[in-house]
Amino acid sequence: MASHVETVLSSLSPQVALINTLRQGSIPNHIGFIMDGNRRWANSRGFPVAKGHYLGSKALLKTVESCLMLGVKSITMYAFSIENFNRSNDQVHQLMALFKFMLIDYSRPGKIADQYNMSIRVVGRLDLLDDDFRKKIDYAIKRTGGNTNGVLNLCVAYTSRDEVSRAMKETVHQCCEQGLPVESITDKSIAAHMDVTDDIPVDIVVRTSRVQRLSDFLLWQSHRDTDIQIVDVLWPDFDLWQLFLVILRWQRKQDGFEPARASGISVPFKLFSCILMTILLGLCIF
């Protein structure tokens, strides 16, 4: 039986320390991730591209878990754009097989969806996916639909422009069916038909690999207060420390500090002791 000291020490892991540090400030409600860099990560190391995608899926799981531990309510992951169908058949097949496995694994009894009371949604042009994939999507959505503590949106066969176009068509069609004038259409009525609802506004959009573009992601849901952060790391290397820096920069802006660069963050003193403890714990444990 573990002693009280051992129990306390086990709770003071670097992961817990970083998360508790962030909890000293505000926590974003909705974070979107453009997971870029799997192929470059693999190519730069001489590995098959499939390994880059596999490790990218591991980074996705860890990031989702960290966000849920922090109390982030909505997590939106840009997994596969419509344009990605232009890649080689082998790459598309590998990615689709990986997504299917992830969906079933996440939604199994006792797995991450149950552990954190998280629901799973898959959004995009689902009509472009095969029947087996759609069956797995239905299973994951039904299996986790009653979970209310958070939501994971997986964007597959998605682009924001396509999402907006479909939402507008559906809104106009609804107006015609109900005999309403076109003038009755508002941004709220269009938003109701979006794949990713804007009930929880997007606080942060994170793009890895240092490439400065939005890649047609959450254009409607982003607003003037959305913090867009370009991170100089390839997605398979994105970890809790990178997430820590992302949220810390966002917290600085919420507190009225000037925007900070990833390479030079001036940390408020109340957080310094927690960060120092994290570093010391990391040295002790690892």
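Some points to look at:
- Percent RCO, i.e. relative contact order, over the chain, from Cα pairs under 8 Å lying at least 6 residues apart: 27
- Note on the chain: antiparallel DSSP beta bridges, both residues inside, total approximately 5 percent of the bridges counted.
- Placed amide H near Gly150: partners under 5 Å, 5+ positions off or other chain: Ser119
- Once the C-beta distance of Arg87 and Lys142 is scaled by a Förster radius of 25 Å, the resulting FRET efficiency is 0.25 to the nearest 0.05.
- Of all lysines in the structure, those lying under 22 Å Cα to Cα from Lys58, and not within fewer than 8 positions of it along the same chain, are Lys73, Lys100, Lys111, Lys136.
- Exposure proxy ranking for Ile247, Ile141, based on other Cβ atoms within 10 angstrom of each Cβ and starting from the fewest, stands as Ile141, Ile247.
- Estimated FRET transfer efficiency (Arg108, Lys62; beta-carbon r; R0 25 Å; 0.05): 0.90
- Förster radius 51 Å - calculated FRET efficiency between Leu180 and Lys51 (Cβ-Cβ, nearest 0.05): 0.45
- Ascending count of other beta-carbon atoms within 10 Å, so fewest first, for Met168, Met77: Met168, Met77
- Computed from phi, the 3J(HN,Hα) profile of region 169-185 under the Karplus parametrisation 6.51, -1.76, 1.60 (θ = phi - 60°) reads 4, 5, 5, 5, 4, 5, 4, 5, 4, 8, x, 8, x, 4, 5, 6, 6 Hz, with x in place of Gly and Pro.
- Counting neighbouring beta carbons within 10 Å and listing from fewest to most, the residues Lys62, Lys188 come out as Lys188, Lys62.
- Cβ-placed point charges (K, R +1; D, E -1), dipole of the chain about Cα centre in debye, nearest 20: 680
- One Cα centroid belongs to region 195-250, the other to region 41-68; the line between them spans 17 Å.
Here, each number is a calculation from the coordinates, and none is a lab measurement. This one's a predicted model, so the numbers in the text were calculated from it and none came from an experiment. So basically every Cβ, Gly included, is an ideal-geometry build from the backbone, and we count neighbours across all protein chains shown.
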